[in-house]
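Some notes on the structure that comes next.
The values are calculated or read from the model by the stated rules, or taken from the named source; none is laboratory data. Everything quoted here is computed from the prediction, not taken from an experiment. Note that each Cβ is placed from the backbone with ideal geometry, even for glycine, and that neighbours are counted across all protein chains shown. These area figures cover heavy atoms from the full protein model, side chains too; ligands, DNA and RNA do not enter into them. Shrake-Rupley method; radii C 1.70, N 1.55, O 1.52, S 1.80 Å.
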Amino acid sequence: MRTHARVVIIGGGVVGCSIAYHLTAMGWREIVVLERGDLAGGSTWHSAGLVGQLRSTINLTRIMMDSVALYARLEGETGVDPGWMPVGSLRLASEERMSELRRQAVAARGYGLSMELLSPREAVALFPVMADDEIVGAAYLPTDGRVDPNGLTQALAAGARARGAEIIRQARVLKIAVSAGRVHGVETDQGAIRTEVVVNAAGMWAREIGRMAGVLVPVVPMEHQFLVTKPIAGVSRDLPTLRDPDRLVYFREEVGGLVAGGYEPDPAAWGLDGIPDDFTHRLLPPNWDRFEQLGRLAISRVPALRDAGIVRLINGPEAFTPDGGFLLGEAPEVRGFYVAAGFNAHGIAAAGGVGKVLAEWIVEGEPHLDVWRMDIRRFGRHYRSPRYALAKTIEAYARHYEIHYPFQESDAGRRLRLSPAYPRTVALGAVMGEKGGWERPNWYASNEGAAEIEHEPRGWMRRFWSPAIGAEHRATREAAGLFDFTSFSKMEVTGPGALRVLQYITANDLDKPVGTITYTSMLNAKGGIECDLTVSRLAAERFLIITGAAFGTHDMAWIRRHLPADGSVHLRDLTGALACVGLWGPRAREILRQVSDDDVSNDAFPFLTAREITVGQVAVTALRVTYVGELGWELYAPIEMGAGVWDALWEAGRPLGLVPIGYRAVDTLRLEKGYRYWSADITPETTPFEAGLGFAVKLQKGDFLGREALLRQRQEGVRQRLCCLVLDDPNAVAAMDEPVCDGDRVVGLVTSAAYGYAVHRSVAYAYLPVTVANPGTPLTVIVDAERIPASVVREPLFDPRHERVRA
Ligand SMILES: Cc1cc2nc3c(=O)[nH]c(=O)nc-3n(C[C@H](O)[C@H](O)[C@H](O)COP(=O)(O)OP(=O)(O)OC[C@H]3O[C@@H](n4cnc5c(N)ncnc54)[C@H](O)[C@@H]3O)c2cc1C
């Protein structure tokens with residue numbers, strides 16, 4: 001075995017082979033794939049092989065579309081037949097599901113996929129052995145299909161080998177060498193290989209492989225079953241695949257019979273104490289009792305199953321994740337250690353596109369798509385608890401085929417991270433949501449009925465909504481709101497090299513006097529926005545960085561990867577150490593004055609400055625910033641004194657109209673003020689110039705990461721701009737990804753949207769080509785499959801001169 005490689009890929013399943021295929025296609029050599037058994041011997045060989053493209057987000061859909069394009073050309077390219085059959089797919093819908101399908105058909109159009117909506121009779125014509133009970137329609141995607149998982153793995157491996165990749169079977173990785181936060185090699189039962197890049201594509205073993213490197217990979221092996229029948233009259237080879245989500249089952253043809261599998265509501269995890277050493281090309285014993293419920297549902301859709309002879313019940317384990325999304329990218333803990341695992345029974349469909357994404361990530365430093373929802377850095381340290389990860393994973397599996405409504409919350413693993421204000425907010429009637437493991441008020445039931453709210457959203461946006469959101473929004477604009485913001489991710493960068501490194505990784509200028517707060521992005525080499533945060537210079541060599549609750553692990557990893565190795569800069573996570581209470585609204589200063597002896601006047605404490613003050617008995621770090629567009633402060637206290645800050649403000653503020661505010665109102669407030677949200681309005685795919693954040697870029701400050709790309713873009717001009725749209729119908733509120741159309745042409749997708757309770761408008765943001773980005777341009781937004789006239793407007797809609805935040 002060679003002793004040095006440019007990249008070592010652990011796992012010769014469909015995903016590992018696809019990564020090798022794409023790395024070699026990008027011109028990289030000395031690629032080694034290590035497989036402990038034979039190729040495809042993990043989850044791949046027993047897969048049902050369905051390949052569906054339309055997914056919940058555009059970039060996941062693009063990945064699947066890349067797979068389909070690759071599978072169609074693989075045989076011509078490699079000489080190995082992957083068994084690709086573009087037979088099309090059907091998805092059935094009952095009444096409620098039909099509105100989901102209508103939305104998906106519109107989304108598919110936005111994504112460039114042709115999806116047809118069929119009547120029950122048309123669906124039966126395509127899949128003659130099914131009954132049409134309780135369906136009101138179906139979606140048909142003619143370019144979907146199925147593939148032979150073994151053939152596909154062999155074809156990808158052949159392509160990789162033809163370009164020099166070495167695929168070594170019966171080679172088990174035993175250890176991974178890591179020092180100073182970097183990977184340096186792997187040790188196998190056949191010898192050691194030095195390398196600077198390791199890819200963990202070990203499927204359900206990925207957690208174990210991660211542990212060898214000190215990396216958290218929260219995959220949970222789960223049993224997944226499907227039945228294979230003998231030939232059934234009326235089943236032909238070109239039968240489309242069929243998904244019946246309301247009955248939790250899927251079907252495809254197999255040698256004249258059917259494969260019928262599904263997602264039961266009470267799934268079973270497996271191998272939690274370790275996967276047996278000899279588990280390769282093996283299955284689990286069939287669990288007929290557990291399959292029975294799916295079997296009954298499958299028969300009710302395809303009655304011929306009742307009398308069909310059974311070939312066997314396949315029970316195969318597969319890697320699932322706590323939120324049903326993939327786990328991709330460089331691990332936050334170890335540089336050079338990449339992960340591609342957790343495919344939740346979609347790894348065959350995803351492998352082609354995922355291989356491309358990973359290869360780009362390794363070769364170019366970042367993928368061409370924003371893959372945040374698949375990024376391993378979305379999982380924080382609290383997922384180190386196997387029990388927590390398991391509870392979340394079981395829920396995600398069981399809900400796989402449920403309709404996913406906007407703002408729907410997860411119920412599993414709740415009450416994990418509690419802020420000191422938590423008991424107070426519960427007592428005030430908080431309706432809780434969860435972010436990054438934190439319990440956070442979405443709204444307060446006690447605020448329902450507190451104000452006359454003229455708005456009520458239609459359709460899906462009505463499901464998880466309350467008039468309290470509007471009342472809280474108004475109270476913040478008219479008096480003051482109290483916010484529990486402890487879930488913010490907080491970190492500190494200190495040391496003699498702190499300013500130098502921060503200047504290099506941020507786009508704004510941080511070389512400002514102590515006590516200054518700067519809003520800034522951190523960019524990748526292409527100028528895309530990797531992080532969006534505020535940086536407060538608390539001392540010459542001490543900076544406090546605040547970012548969203550869900551982004552802490554991600555942003556810390558981004559900063560850490562740029563720190564010098566000489567020890568001149570330290571990065572510390574303060575999230576669990578500090579409580580944060582927010583106070584905003586026109587009466588915020590009046591309230592703060594009652595509980596603080598410090599001068600909080602505008603002269604003494606202007607906008608975008610940080611000071612040490614006291615609130616009641618507690619010494620706090622007060623930041624005069626806002627994400628809601630009002631006068632006010634974020635107040636940071638040691639966690640054990642956070643409740644004291646909340647109590648002092650609450651008691652002083654009550655007589656002045658202070659109201660507790662939840663996160664849903666934060667979203668409506670920030671949106672009418674035009675504040676961007678990373679992962680939706682701004683992403684690694686979009687630059688500050690496109691996003692309207694040019695004011696926070698200082699090209700003259702000297703070299704910084706992404707500057708070259710921005711200089712180029714400034715010269716060439718932007719092709720798209722993030723625009724604010726107002727919908728004619730105020731009760732039609734978009735969520736995310738709804739198409740924006742110019743006539744019949746889809747020109748953009750909604751990035752985020754809400755009703756603005758102070759501007760009385762339904763507001764949506766979208767990136768639009770500059771040709772249709774001017775204020776006044778009439779467009780339409782398709783909300784709940786309904787075309788709603790809209791127009792581009794000048795932004796922000798609320799307080800465009802920023803007088804309130806500077807008051
Ligand atoms: C019953 C069932 C039905 C499915 N149906 C579908 C479907 O219809 N469509 C779809 O898209 N997906 C489906 N899937 C999911 C799909 O099979 C998987 O997502 C996919 O195969 C995962 O591929 P992988 O390469 O990540 O993992 P694997 O195929 O598990 O490969 C990982 C490899 O890593 C190797 N490995 C582990 N540890 C080591 C070590 N220490 N050293 C060296 N090598 C090691 C293993 O031997 C294994 O071969 C199904 C899964 C199951 C179980």
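Could you list, in sequence order, all residues of the stretch 397-442 that are more than 19 Å from ALA643 (Cα to Cα), open to solvent by 30 Å² or more (accessible area, probe 1.4 Å), touching an Asp or Glu at 6+ places or on another chain (Cβ under 7 Å) and in contact (Cβ under 8 Å) with a residue 24 or more places away in the chain?
Within the stretch 397-442, GLU409, ARG414, GLU434 qualify.
Out of the residues in the stretch 106-119 meeting the condition of being open to solvent by 30 Å² or more (accessible area, probe 1.4 Å) and outside any loop (DSSP other than H, G, I, E, B), tell me which one is farthest from ILE348 (Cα to Cα).
Ranking the qualifying residues of the stretch 106-119, first place goes to LEU117.
What strands (runs of 3 or more DSSP E) lie completely within the stretch 564-639 and have 1 or more residues being farther than 23 Å from VAL666 by Cβ and of a type in the set (S, T, N, Q)?
610-615
Quick test for you: out of VAL197, VAL173, VAL183, VAL215, pick the one residue that is β-branched (Val, Ile, Thr), more than 30 Å from ALA735 (Cα to Cα) and surrounded by fewer than 22 Cβ atoms within 10 Å (Cβ to Cβ).
After applying the criteria, what remains is VAL197.
Going by what's in this entry, would ARG787 be described as open to solvent by 50 Å² or more (accessible area, probe 1.4 Å), closer than 27 Å to GLU116 by Cβ and not in a loop (DSSP other than H, G, I, E, B)?
Values: open to solvent by 50 Å² or more (accessible area, probe 1.4 Å): yes; closer than 27 Å to GLU116 by Cβ: yes; not in a loop (DSSP other than H, G, I, E, B): yes.
The answer is yes for ARG787.
Which residue out of VAL51, VAL87 is open to solvent by 10 Å² or more (accessible area, probe 1.4 Å), touching a residue at least 60 places away in the same chain (Cβ under 8 Å) and aliphatic (A, V, I, L, M)?
After applying the criteria, what remains is VAL87.
Based on this model, can you work out whether ASP681 counts as touching a Ser or Thr at 6+ places or on another chain (Cβ under 7 Å) and either open to solvent by less than 50 Å² (accessible area, probe 1.4 Å) or at pLDDT 95 or above (or both)?
Details: touching a Ser or Thr at 6+ places or on another chain (Cβ under 7 Å): yes; either open to solvent by less than 50 Å² (accessible area, probe 1.4 Å) or at pLDDT 95 or above (or both): yes.
Yes.
Kindly provide the set of residues from the stretch 155-169 that are within 13 Å of the ligand (Cβ to nearest atom) and either closer than 30 Å to LEU54 by Cα or among the β-branched types (Val, Ile, Thr) (or both), ordered by number.
The answer is LEU156, ALA157, ILE167, ILE168.
Is the stretch 302-311 home to any residue that is over 21 Å from ASP133 (Cβ atoms) and within 12 Å of the ligand (Cβ to nearest atom)?
Within the stretch 302-311, none of the residues are over 21 Å from ASP133 (Cβ atoms) and within 12 Å of the ligand (Cβ to nearest atom).
May I ask you to list the residues in the stretch 246-303 that are open to solvent by less than 50 Å² (accessible area, probe 1.4 Å), under 22 Å from VAL147 (Cα atoms) and in a loop (DSSP other than H, G, I, E, B)?
Result: LEU248, GLY256, TYR263, THR280, LEU283.
Are there strands (runs of 3 or more DSSP E) fully within the stretch 131-195 with at least 3 residues that are more than 27 Å from HIS346 (Cα to Cα) and touching a strand residue (DSSP E or B) at 6+ places or on another chain (Cβ under 8 Å)? List them.
Details: elements: 137-141, 166-168, 173-179, 182-188, 191-194.
Answer list for the stretch 131-195: 173-179, 182-188, 191-194.
Could you count how many residues in the stretch 23-38 are of a type outside the set (Lys, Arg) and in contact with a Phe, Trp or Tyr (Cβ under 9 Å, 6 or more places away or on another chain)? Reasoning before the result, please.
Let us first name the residues in the stretch 23-38 that are of a type outside the set (Lys, Arg), namely 23-28, 30-35, 37-38.
With the extra rule that they be in contact with a Phe, Trp or Tyr (Cβ under 9 Å, 6 or more places away or on another chain), the set shrinks to 37-38.
Looking only at that region, the number is 2.
Answer with yes or no whether PRO221 is more than 8 Å from the ligand (Cβ to nearest atom) and either surrounded by 24 or more Cβ atoms within 10 Å (Cβ to Cβ) or outside any loop (DSSP other than H, G, I, E, B) (or both).
yes
Of the residues ARG290, ARG207, which single one is out of contact with any Ser or Thr (no Cβ under 8 Å at 6 or more places or on another chain), within 11 Å of the ligand (Cβ to nearest atom) and either over 20 Å from ALA125 (Cα atoms) or without any contact (Cβ under 8 Å) to a residue 60 or more places away in the chain (or both)?
On inspection, the qualifying residue turns out to be ARG207.
So TYR663 fits all but one of (1) over 30 Å from ARG794 (Cα atoms); (2) in contact with a Gly (Cβ under 7 Å, 6 or more places away or on another chain); what number is the exception?
Only one criterion is unmet by TYR663, namely (1).
Take ASP133 and tell me if it is of a type in the set (D, E, K, R) and exposed (fewer than 15 other Cβ atoms within 10 Å of the Cβ).
Here the answer is yes, as ASP133 does meet what is asked.
Return the only residue of LEU797, LEU722 being closer than 24 Å to ARG458 by Cβ, of a type outside the set (Ser, Thr, Tyr) and touching a residue at least 12 places away in the same chain (Cβ under 8 Å). Lay out the reasoning, then the answer.
Working: LEU722 fails: closer than 24 Å to ARG458 by Cβ.
Result of the check over LEU797, LEU722: LEU797.
Every residue in the stretch 735-778 that is touching a residue at least 40 places away in the same chain (Cβ under 8 Å), more than 19 Å from TYR405 (Cα to Cα), open to solvent by 30 Å² or more (accessible area, probe 1.4 Å) and not in a helix (DSSP H, G or I), please.
Matches in the stretch 735-778: VAL746, ALA758, VAL759, HIS760, ARG761, PRO769.
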